[in-house]
Amino acid sequence: MIALTILYILLAVSIIFNGLGVIGLHRFPDVYTRLHAATKCTTFGTIFMTFTIIAYGGVMYYWNPGQDQYLNMVLHTLAALVAILVTNPTGAHALARAAHKIGILPKHAVVDHLAEMEGKK
Amino acid sequence: MTLYYVLQLLVLIGLVTTAAAVIWFKDLISAAIALGASSLILALQFYLLRAPDVAIAEAAVGAALTTAIFIFAIRSTDRTEGYR
Amino acid sequence: MIDFSFPLFLATGAFLVYIIISAFRIFLGPTAADRAVALDTINTLVVASMVGLGAATWETLFIDIAIVYAILSFVTTLYIAKYLEGVKSE
Amino acid sequence: MNLFLILPFFVVMVLVAMGLYVALFKKNLIKIIMGITLMQNGANLFLVSLAYREGYVAPIWTSAPATDMVLPTPHALTLTSIVIGVATTALMLSFVIMLKRHYGTIDSNEVRRCRE
Amino acid sequence: MIDIVLRDIWSPILFIIVGLLVTLIAYLFYKLGNSEYRKTRYKGDPFISGNRPPKDLQGIHVGGDNLYWGFTHALKKFFEPLVKGHTGIVNDYVYWFVVTLAVVLVYLYIAM
Amino acid sequence: MKKVIAMIALLIIFAFLAGAIVEMRGEDGGFGNPVNTDMDEYFLGDSQPHNQVNNVVTAVLFDYRGLDTLGEATILFSAVSGVLTVLRKIKAPKEVEK
Amino acid sequence: MNRAKAFVSTFLLSLFVYLFLTLAAGRSMIEGTILWSVEELVLGVSVALIVSAVASDILCRSDNYRMLNPVRWIIMLVYAIPLFIEMVKANLDVAYRVITGNIRPGIVKIKPPLKTDLGITFLANSITLTPGTLTVDVDEENKDLYIHWINVTRKPTKTISGRFTKWIRRFAE
Amino acid sequence: MNIATHLPSFILGIPLLFAFLTPIANKFSKEIRNAVFLTGLLLTGLFVGLMAYEVYTTGGWVYIFGAQDPVGELTTESLFRITFVADGFSTLATLTIIITAIGAAFYSLGYMKESPGMGKYYTLFLLTLAGVNGMVLTSDLFNLFVWFEVTSIASCALVAYHNERGKSVEAALKYMIISVVGGLLLLVSIGLFYGEYGVLNYALIGDSVHGSFIDLLAIGIIMVILAMKASSVPMHMWAPDAYAEAPEPITPFIAITSLGALFVLFRLIFFVFRGAVEPPALGTILIFLGVLSMFVGVSMALKQSDIKRLIAYLSVSQIGYMMMAVGVGFATLDTADYGSFGAMAIEGGFFHMINDGVYKALLFLSAAAVIYATKIRDLNKLGGLAHNMPYTTFFFIIGALSIAGIPPLSGFSSKLLIYESVYLYHPILAIIALVVSIITLALVAKVFFNAFLGPDQKMSKGEVPSSMLIAMGILTAVVILFSLFPHYVVSEIVVPAMESLGVGA
Amino acid sequence: MKWKMSVIVRTVSDVMVVPIIVFGIYLILHGHLTPGGGFQGGAVVASATALLIVSNGALKDYKGDFSTMESAGLTFFFLLAFLGIVMGFAMFYNSLAGTGGIFGGTVMSGINPGYINTGGTVPLMNIVVGMEVIAALSLILWMMAKNSGMMEVEK
């Protein structure tokens, strides 16, 4: 029962954060802030989703020790988690860099050191 | 089982939306992005239809490589659709 | 033995709704960069849905697809980013 | 007749019609190829939808949850069709790249040196 | 042999034999003619409207567009839309394909 | 004019496809309910005893319909040959033709 | 020597990945004692050999073999915990901002005390993973990072990267 | 186990294998590459000949891929696999293909000696050959789609071989787009058949088709696509572009791919669609498309001044003859008329196909010789070539008279069969066919007059190289052979083909 | 001047290349047990090439190697299909299944955990098709990238 509660909590966190990311995608004014909301809130939510699955599979494997497919699922989910963790921020960085290079400036920006630096050049 | 059909309904709505976006955009790179999204969602539908082999192939070929070669082609031609 | 498939189905349904909402950003986004952001979001959400569905139906082999996705969506994003870098005027 | 049950087929129809629409009315060659890719997606979705059986599992015996499986043949056909799709797309795009180099345009109204 | 020569519809062997015979007869008639003619000058030279050909041979040969000009000009009303239909635009190729497909489908549906 | 005819033709094809999917597989809805499954049941049952393969799709791909796969690989090969042919370096100077 | 090191590190990485993926997948139910069947191990080693022959000069382009030390891997795993805590904190913050729309964005420059490519990559990805901050660009000579910050305050270097650098320096420098 | 039973797989496989080996051989030297290419081609020719012998002695068989016994009993389960049929019709088709292929190959050896990138050229040549062979041999719908695409891709790449010419690439792109759209619709209709019956083999589908709405749709789509691939009017527009812009030696082979599509169309109509649709309806469509092709093709040819484009339009109009003849035969299939003239119409159509393949190749190759010698393809500028190129002139005369249907050449024998039978079906059709034939004669006379006659303008330095002459000579010999013994061709090649389709004379 | 992406992207993609290749080979080798196979695994490995092209803007001249690999893969595929004829059966007959040699193990009917050492010619065909697909897709990417100016050939 405790396991089920934990699973529900993890799943709820996942759904909430993914939803926040998608809301932010529509609510924020420019590319950079959308990147903040969209890619990273969803990354966080997806991490929790994988945690849910890992916990679920782990519990099932603990209760059915002979069943290798549960262990297999946990491991592969872990691999997906690592892949997400490595690739997603890099992709976000690449997009942000590209956006800045083609001249999209952050809206309502208080300070922009990068544009200053490029202006100096 | 009705729930499974609802999931498919949602995926198919996303598929048609992104496919319409491909036609609608004059900017070819945006159309390529929409095409990538459409391929992705199509792979999700394959997944729902219990075709894992096809889903992997669509993910690898449709989402990554097709987008790559489209971008190569757009890079070496014009970006906008443009009527003169 | 616990049956957790129904909540996972529900969660997946929520993710799918999110995907549709993100697809509207592909329509709306004023610049191509915004659309690429939306694509990135959809990628992540698709991975989440795939993982969830795989566990919900107990087809454990389906997780492989999520790994392929998580890796390859990165390639797509990089390609779009690299193309955008090379274009001076928006 | 449950309309809910023919939904994937309906989407297939819409995708094929979209592809034909692009090939008929759009003048940009790369856009036409994108339309053809949409048609390919539609055809692939059609084949896989034919294979689906309600409540059955994927046709892989390795640690499957049940023994009722969906039809395997359309999956094989679709795999073939996907690879054919990427091959044709690549070839057509390389034609377009070459045309741009020769003619300086990829508008199909101007790519018409061969006529009559 | 006779089996090859005399078939019901059409026999090329018979035709060739007859052709050779006709040629032979023609040759015999030819031999009956006046053999003095051979020795005249200008035998092998072409004549154009009774004149000798010019030194510059360009321009005396009828070009491809001119050969059936009268025919095509007389049937202009038939040829003009036909030629105009071949636009060379790839959309039109697909257009004709789709239209033919639609017509064939409708015809099959009605014919059933 | 041409556009109108093209649109009508497109709609006719659309209507025929729609009629086909409505009629597909009899009265009780088409999707998820195949009727004639002899071939696939044969493949599902035969792939393990005959080919010793767990993944039936792979068995179909490489044994029952192996020729299709050969053709598919051939297509990829010919596409690569085509790309190499088309995109090879041109001797003539790159000029925009008129 | 460097070539051998590159080969060994690629070999180990690929063998690890392969064995991780096939863990419990090809296990013989009858024996039940070892996690991998013998054929799987043989295939894994041969795959690792092939991959390290092909890709060793790609993985080790920068001639940096510090990661061969297993201690660094353990520290890296431990580092996941503070990273995760920071992510939770910052995610709550950004959730607040998504709901209220109260933002004060700007691009700031920070000067992290890290010099290697790997270290700067880890730092940048950690910064990007914690919502609220996003690496926009990196100066390849000075290793300065330009960060898009959703709520600009003073002392950017300390606030953004201070909590990560000491960890990253332990395993990546 | 008789090795001869494996011949259908060899006919497909040998060109494939040698196509895969050509890039490797190309790394060593030109000579080895040419040797590999020729070996593959001649082996294929040998196997086609052997298969023809086997078929005419034993009566044909079905080859089952992947079965324990390749020619075992044809149970339903063995038909679930991919099958090839080796029967009279396959033999007719493969013979036509291989004769043209050998002609084009020898011609290429001389013609393309100086061109760069020839390794890829030979690879694509063999791949096209394999694709067409697979198309006509297979009896499985999806397999048909695969070989259809192989043929499309390889021949498109061949059309674009001269990538320094913009028009070549343009023609290839148009051809590619139209055939890919067609191929995708073909895939959809294959899906319709699969969803309805759950099988893909021709025989099994032919057993179960019953003329439902889905059958109708699929049949219509497949027919139109194959007619498009066969360059029937009004979907012919890709054909003149592709034929005119392809490298000259390969042009007859590109034309053969459309003939192959026609073979497949006829096999499908007689094998599969016969049970689904009443024959008069399909026959009427074929007749209509055929008449349109004949007439529009020849009319457009009148306006051409480019020599290759003119012959391309002529070939479009020749396709019309076959479609009309077989359409008449099919329309009368279950009536009493079939015995009186329907069988003769099909006979004429099939005979015309093999004739057409050969003399069209001869025409294209002699036009290529003109272009090779003069580097000019405009009929307004050509002239007086007969003075320097006597052999080419002779070969061109043979091909031209054959395509125009002048006795005693082979074109006449097949056209005579068509005229007679079609006249009994409807006199108007025969009159149209005759008029088209007359205009064809006028057209080839125009080409002959413009290119070969007239005063010597010193355009060419002399005759073309001997390997090209040999290639044209082979084809001329075949044309003359067919002209002299039409009865043997009809009774030994055409009638078995008809019998294998179940429509004996 | 090579058109590189930023140092972060380059480092990450250099590190990711090895896992991607290994994962692709895993998909190829386990094609007869799990979803995947020659095509899917080949496409995944080819995407490693795509990653290298996009991040570094340059690649070594592998063109000849890829071409040879492609031809070799296809030739082996054909020969494996031909093995059926050599053994006295039809082409494409799986003559190695269950004979005890390489990949010749037997599998029990019904649901099972999956043993790698089964399948006869099917895993071998997976491997050779994987080779072909890797080489073919990499070559397509290579040519198009070079022609679009997004990649240079490294010495």
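The values are calculated or read from the model by the stated rules, or taken from the named source; none is laboratory data. Every value quoted in this text rests on a predicted model; they were computed, and no experiment measured them. Cβ sites come from the backbone with ideal geometry, for glycine too, and all protein chains shown count toward neighbours. Accessible surface is based on the protein model in full, side chains and every heavy atom, while ligands, DNA and RNA are left aside. Shrake-Rupley method; radii C 1.70, N 1.55, O 1.52, S 1.80 Å.
For the stretch H:416-462, what are the residues that are under 28 Å from E:ASP65 (Cβ atoms), charged (D, E, K, R) and surrounded by fewer than 18 Cβ atoms within 10 Å (Cβ to Cβ)?
Hits for the stretch H:416-462 are H:ASP456, H:LYS458, H:LYS461.
Can you name the condition, by its number, that H:TRP147 falls short on among (1) in contact with a Phe, Trp or Tyr (Cβ under 9 Å, 6 or more places away or on another chain); (2) among the hydrophobic types (A, V, I, L, M, F, W, C); (3) within 9 Å of chain F (Cβ to nearest Cβ)?
Of the numbered conditions (1) in contact with a Phe, Trp or Tyr (Cβ under 9 Å, 6 or more places away or on another chain); (2) among the hydrophobic types (A, V, I, L, M, F, W, C); (3) within 9 Å of chain F (Cβ to nearest Cβ), the odd one out for H:TRP147 is (1).
Would you say H:TYR359 is of a type in the set (Phe, Trp, Tyr) and open to solvent by 10 Å² or more (accessible area, probe 1.4 Å)?
No; evaluated as a whole, the condition is false for this residue.
Yes or no: the stretch G:70-82 includes at least one residue that is farther than 24 Å from I:ARG10 by Cα and either in contact with a Phe, Trp or Tyr (Cβ under 6 Å, 6 or more places away or on another chain) or crowded, with 19+ Cβ neighbours inside 10 Å (or both).
No, the conditions are met nowhere in the stretch G:70-82.
Identify all residues within the stretch H:382-412 that are within 14 Å of another protein chain (Cβ to nearest Cβ), of a type in the set (A, V, I, L, M) and closer than 14 Å to H:LEU443 by Cβ; write none if there are none.
Residues satisfying the conditions are H:LEU401, H:ILE406.
Of the conditions (1) at pLDDT below 85; (2) surrounded by 14 or more Cβ atoms within 10 Å (Cβ to Cβ); (3) not in a loop (DSSP other than H, G, I, E, B), G:PRO112 clears all except one; give me its number.
(3)
Assuming F:ARG88 fulfils every condition listed in (1) at the interface with chain H (Cβ under 10 Å from one of its Cβ atoms); (2) farther than 27 Å from D:GLU54 by Cα; (3) at pLDDT 90 or above apart from one, which condition is it?
Failing condition for F:ARG88: (3).
Can you tell me which of I:MET131, I:MET125 is open to solvent by 40 Å² or more (accessible area, probe 1.4 Å), part of a helix (DSSP H, G or I) and in contact (Cβ under 8 Å) with a residue 24 or more places away in the chain?
I:MET131
Any idea which of H:ARG309, H:ARG274 is open to solvent by 10 Å² or more (accessible area, probe 1.4 Å) and within 14 Å of chain E (Cβ to nearest Cβ)?
H:ARG309
Checking C:ASP64 against (1) open to solvent by 10 Å² or more (accessible area, probe 1.4 Å); (2) of a type in the set (Asp, Glu); (3) facing another protein chain (nearest Cβ under 7 Å), which single condition isn't satisfied?
For C:ASP64, the exception is condition (1).
Is at least one residue of the stretch G:148-167 open to solvent by less than 10 Å² (accessible area, probe 1.4 Å), assigned to a loop (DSSP other than H, G, I, E, B) and hydroxyl-bearing (Ser, Thr, Tyr)?
No, the stretch G:148-167 has no match at all.
Can you tell me how many residues within the stretch G:96-109 are part of a helix (DSSP H, G or I), open to solvent by 10 Å² or more (accessible area, probe 1.4 Å) and either among the hydroxyl-bearing types (Ser, Thr, Tyr) or in contact with a Leu (Cβ under 9 Å, 6 or more places away or on another chain) (or both)?
3
Yes/no per residue for (1) within 24 Å of the chain's Cα centre (by Cα); (2) more than 22 Å from H:VAL188 (Cα to Cα):
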| position | (1), (2) |
| --- | --- |
| D:MET13 | yes, no |
| D:ILE30 | yes, yes |
| D:ASN41 | yes, no |
| D:VAL48 | yes, no |
| D:ASP68 | no, yes |
| D:PRO72 | yes, no |
| D:LEU77 | yes, no |
| D:THR89 | yes, no |
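Quick one: what pairs do we get from the stretch B:13-34, first residue under 16 Å from D:ALA23 (Cα atoms), second among the acidic types (Asp, Glu), C-beta under 6 Å, 6+ apart or different chains?
From the stretch B:13-34, the pairs are B:LYS26/B:GLU81.
For the stretch D:29-52, does any single residue satisfy the condition of being more than 26 Å from B:LEU44 (Cβ to Cβ) and either within 14 Å of chain E (Cβ to nearest Cβ) or out of contact with any His (no Cβ under 8 Å at 6 or more places or on another chain) (or both)?
Yes, the stretch D:29-52 contains a residue that is more than 26 Å from B:LEU44 (Cβ to Cβ) and either within 14 Å of chain E (Cβ to nearest Cβ) or out of contact with any His (no Cβ under 8 Å at 6 or more places or on another chain) (or both).
Looking only at the stretch H:8-41, how many residues end up being more than 18 Å from H:LEU124 (Cβ to Cβ) and either buried (at least 22 other Cβ atoms within 10 Å of the Cβ) or of a type in the set (Phe, Trp, Tyr) (or both)?
Residues flagged as more than 18 Å from H:LEU124 (Cβ to Cβ) and either buried (at least 22 other Cβ atoms within 10 Å of the Cβ) or of a type in the set (Phe, Trp, Tyr) (or both) within the stretch H:8-41 amount to 5.
Yes or no: A:GLY57 of a type in the set (Gly, Ala, Ser) and more than 19 Å from the chain's Cα centre (by Cα)?
Yes: the conditions hold for A:GLY57.
Can you run down the residue pairs with Cβ atoms below 6 Å, 6 or more apart or on separate chains, where the first is in the stretch H:179-206 and within 12 Å of chain F (Cβ to nearest Cβ) and at positive phi and the partner is crowded, with 24+ Cβ neighbours inside 10 Å and among the aliphatic types (A, V, I, L, M)?
The qualifying pairs are H:GLY198/F:MET39.
Across the stretch B:2-59, which residue is farthest from the other protein chains (Cβ to nearest Cβ) among those that are of a type in the set (S, T, N, Q) and open to solvent by 10 Å² or more (accessible area, probe 1.4 Å)?
Looking at residues that are of a type in the set (S, T, N, Q) and open to solvent by 10 Å² or more (accessible area, probe 1.4 Å), I get B:THR2.
From the list H:GLU31, H:GLU77, H:GLU73, pick out the single residue that is under 28 Å from H:ALA471 (Cβ atoms) and acidic (Asp, Glu).
None of the others qualify; the one that does is H:GLU31.
With respect to F:GLY45, is the statement that it is modelled with pLDDT under 90 and assigned to a helix (DSSP H, G or I) true?
yes
Being under 19 Å from D:ILE6 (Cβ atoms) and either touching a residue at least 12 places away in the same chain (Cβ under 8 Å) or open to solvent by less than 20 Å² (accessible area, probe 1.4 Å) (or both) is the filter here; which residues of the stretch F:1-15 pass it?
The one that is under 19 Å from D:ILE6 (Cβ atoms) and either touching a residue at least 12 places away in the same chain (Cβ under 8 Å) or open to solvent by less than 20 Å² (accessible area, probe 1.4 Å) (or both): F:ILE13.
Take the residues in the stretch H:457-495 that are aliphatic (A, V, I, L, M) and in a loop (DSSP other than H, G, I, E, B), then tell me which one is farthest from H:ILE99 (Cα to Cα).
Among those that are aliphatic (A, V, I, L, M) and in a loop (DSSP other than H, G, I, E, B), it is H:MET459.
Within the stretch G:39-67, track down each residue that is open to solvent by 70 Å² or more (accessible area, probe 1.4 Å) and at pLDDT below 80.
Listed by number, the residues that qualify are G:ARG61, G:SER62, G:ASP63, G:ARG66.
Can you report the number of residues in the stretch I:25-60 which are more than 7 Å from every other protein chain (Cβ to nearest Cβ), under 15 Å from the mean Cα position of the chain (by Cα) and touching a residue at least 40 places away in the same chain (Cβ under 8 Å)?
Looking only at that region, the number is 7.
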